[in-house]
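Trainee: What follows is a single structure, and I will ask about it in a moment.
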Amino acid sequence: MEVNGYKIEPGANLENANLENANLVGANLGGANLWGANLRGANLTDADLTDANLWGAYLTDAELRDAYLRGAYLRGADLSGVILFHANLKDANLENANLTDANLTDADLRGANLRGANLTDADLRSANLTDADLRSANLTDADLRGANLTDADLGAANLLGADLWGANLERADLTDADLAGANLKDTILFYANLKDANLENANLKGAKLRGATLPDGTIHD
């Protein structure tokens, strides 16, 4: 398969390649080197990018619905406005990535590294973030309704105004997290660590807090 003069195949070297608006539906780019590649507006629906190197790649407004990105390296990548609906990002490295306005509904982010990532206004409804590293991530106004954040690390994360209605935060670490104005209605916070977290004006109606460490360090019975 050849697109814009580039050979599209597993392990391909596509460093700094210009694939803007390219049709890459179902493409197999497993293990490919896409360092700094321009994939703005590209259609990568059902594409296989397992273990691909997308460090610093530009994927603004790209379509990655049902794409397979397990173990992919996306550190510092620009994924603003990207559609990752039902995508597999298990164990992917998204440290410091820009995911502003990204659609990650129903995405598999188990064990993903999202440390320092910008997820402002991101749609993470029903996403699986079990064991994910979200330390210092910016989740301002993010939609996390029904998301699974079991055992996730949200230390010092910014969740200002985030909607976590019905989310599962069992055993999650929210130490120093900013949850001011967040919606935590009906959330599961069993044994979660909320020490020094900011819960000013947060909605905790119906939240399940058994065994949780509260901001003042006390344990909820």
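The values are calculated or read from the model by the stated rules, or taken from the named source; none is laboratory data. As the structure is a computational prediction, the values presented were derived from the model and not from experiment. Note: ideal-geometry Cβ built from the backbone for every residue, glycine included; neighbour counts use all protein chains shown.
Trainee: For the stretch 154-171, check the following and say yes or no: at least one residue is outside any loop (DSSP other than H, G, I, E, B), closer than 21 Å to A77 by Cβ and modelled with pLDDT of 95 or more.
Mentor: Yes, there is a match, as at least one residue in the stretch 154-171 is outside any loop (DSSP other than H, G, I, E, B), closer than 21 Å to A77 by Cβ and modelled with pLDDT of 95 or more.
Trainee: Scan the stretch 25-46 and report the pairs whose first residue is within 13 Å of L74 (Cα to Cα) and whose second residue is part of a loop (DSSP other than H, G, I, E, B) and aromatic (F, W, Y), with Cβ atoms within less than 7 Å and a gap of 6+ or a chain change.
Mentor: What qualifies is W35/W55.
Trainee: Okay, moving on. Return yes when G181 is surrounded by fewer than 18 Cβ atoms within 10 Å (Cβ to Cβ) and part of a loop (DSSP other than H, G, I, E, B) and no when it is not.
Mentor: Yes: the conditions hold for G181.
Trainee: Let me ask something additional. Of the numbered conditions (1) surrounded by 21 or more Cβ atoms within 10 Å (Cβ to Cβ); (2) farther than 19 Å from A112 by Cα, L199 fails exactly one; give the number of that condition.
Mentor: Unmet for L199, out of (1) surrounded by 21 or more Cβ atoms within 10 Å (Cβ to Cβ); (2) farther than 19 Å from A112 by Cα: (1).
Trainee: Determine, yes or no, whether R135 is touching a Ser or Thr at 6+ places or on another chain (Cβ under 7 Å) and modelled with pLDDT of 95 or more.
Mentor: Criteria not met by R135.
Trainee: What single numbered condition from (1) of a type in the set (A, V, I, L, M, F, W, C); (2) farther than 21 Å from A12 by Cα; (3) surrounded by fewer than 24 Cβ atoms within 10 Å (Cβ to Cβ) fails to hold for V82?
Mentor: Here V82 clears every test but (3).
Trainee: Now a separate question. So how many residues does the stretch 124-153 have that are closer than 13 Å to L114 by Cβ and assigned to a loop (DSSP other than H, G, I, E, B)?
Mentor: Going through the stretch 124-153 one residue at a time, the tally reaches 16.
Residue by residue, here is whether (1) of a type in the set (F, W, Y); (2) at pLDDT 95 or above; (3) over 23 Å from L119 (Cβ atoms) holds:
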site	(1), (2), (3)
V3	no, no, yes
G11	no, yes, yes
N16	no, yes, yes
E20	no, yes, yes
A37	no, yes, no
Y58	yes, yes, no
E63	no, yes, no
R70	no, yes, no
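Trainee: Would you please name the residue that is surrounded by the fewest Cβ atoms within 10 Å (Cβ to Cβ), looking only at residues in the stretch 4-45 that are touching a strand residue (DSSP E or B) at 6+ places or on another chain (Cβ under 8 Å) and not in a loop (DSSP other than H, G, I, E, B)?
Mentor: N13
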